[in-house]
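The values are calculated or read from the model by the stated rules, or taken from the named source; none is laboratory data. Predicted, not measured: the structure shown is a model, and the values here were computed from it. Every residue, glycine among them, receives a Cβ derived from its backbone with ideal geometry; neighbour counts consider all protein chains shown. Note: accessible area is taken over every heavy atom of the protein model, side chains too, but ligands, DNA and RNA are not part of it. Shrake-Rupley method; radii C 1.70, N 1.55, O 1.52, S 1.80 Å.
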Amino acid sequence: MTFAKYANTPQSRELDSMIKRARKELKQEFSGSFDCHKKLNHNDWVKYFNYKPIKTGCEPDGGLWYLNGALVAVFEGKHQGDGGNADERWGKNANLINHIFGYYNLGFGIYHTLATGLACRDKWRDSEVISSVTYGCDCRWTLKENGFTYEEILDIMRNTLNEILGKNNIPHVSPQPRGILPNV
């Protein structure tokens, strides 16, 4: 079985479309506070990696959000049903962004993934826990198996941006508590 490089199911395309639409709306709402970029541009690659890639890109659906020139938030959407490899592809952008957060922002930064599909039952839950331990940035997940409404996506992204600005927001809990592990 081969997998497409980009979203190839109606659910994936819908999630991507809604997050991109929310990015555009919030970019206007928060203009003057944040600079929002669609992807890492060539200058970013040289600045952060001392390299200009031939084909590699980094274009998270919800954009890259900068405050006073520093990358402070990234929003990504991923859908995975019964099959697929979105869970494997998720790590590509996350690794690149974590490098930027870790080396240039002293660990500050939020990488927020909005995940849908059957993978919310297991693979996304595993990713939620593992990424919160292995990444230096604040790696957040919001899981909703049956999908988000546009308003929910807008609220999640707006809440995160307001938190960064120190405005009124609802605290994010991620990963969800799973009990206490026994001492080993």
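For the reader, a short list of remarks on this structure follows.
- Of the listed requirements (1) in a helix (DSSP H, G or I); (2) under 16 Å from ASN159 (Cα atoms); (3) modelled with pLDDT under 95; (4) hydrophobic (A, V, I, L, M, F, W, C), VAL72 misses just one: (1).
- Selection within the stretch 38-68 - of a type in the set (Lys, Arg) and either closer than 14 Å to ASN95 by Cα or touching a helix residue (DSSP H, G or I) at 6+ places or on another chain (Cβ under 6 Å) (or both): LYS52
- The stretch 33-58 - residue that is of a type in the set (Ser, Thr, Tyr), modelled with pLDDT under 90 and not in a helix (DSSP H, G or I) and, of those, farthest from LEU161 (Cα to Cα): TYR51
- Leading residue by the ranking (nearest to the chain's Cα centre (by Cα)) among those in the stretch 63-80 that are farther than 16 Å from TYR111 by Cα and surrounded by 14 or more Cβ atoms within 10 Å (Cβ to Cβ): HIS79
- Out of GLU152, GLU163, GLU145, sole residue that is more than 14 Å from the chain's Cα centre (by Cα), open to solvent by 30 Å² or more (accessible area, probe 1.4 Å) and more than 18 Å from GLN11 (Cβ to Cβ): GLU163
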